[in-house]
Amino acid sequence: MIVLGLLLIVLAGATVIAVSWDETAASTTTATFTMFDRVIQLTQLELFFAGVATGAVLLLGLGIMFAGMRRSSAHRRRLRASRAEARDRVTRLEEEKRELERKLEATPATSKTPPTPTAPAAPVVDRDRDGVDDRAEDTAPHPRVEVPRQPSTDQLVAGRHGRSDHR
């Protein structure tokens, strides 16, 4: 690869020397081009250097294109490996789940009756601290007063605005 690069450099140098020493052709022969309604006249040497510049731009573009292809290929390879690893991990987890289910089915159950839920203890309201729930006493620290029910259409009672009475 290095030898080929050196050979191309030597060949390009020899071509530049050969074209530049041919002074009679370089000074008398001109090439005329028309681009975008403009006439361009180039000598043989100028035409050669224009070709060299065009070739250099072409090689630069090819190098950039191949570098991008190599980078995207490596990215796809990493992505493929990552997906395969994730698939393997999911397969391992599913197999482990199946194994645990088999062990659970094979293990005899110690108790077939479900545990009975315990009812939560009712809160004790003992404001006067006499050891008796105030709700069960006839009189709490304050006398219990019965309030007559209000009709459900009454909207002026505090706390009843927008609510219906479902008692």
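Any read-out appearing in this document is the output of simple, stated calculations on the displayed coordinates, not a laboratory observation. No experiment lies behind these values; they were computed from the predicted model shown. A quick note on method: Cβ atoms are made from the backbone with ideal geometry, for glycine too, and the neighbour counts reach across all protein chains shown.
At a glance:
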item: Ordering of 60-71, 44-55 by packing [mean C-beta count within 10 Å, highest first]; result: 44-55, 60-71
item: Pair Thr34, Leu7: separation of 7 Å Cα→Cβ label points (nm); result: 4.4
item: Shape category assigned to the stretch 28-106 from the gyration tensor of Cα positions, a/c cut at 1.5; result: prolate
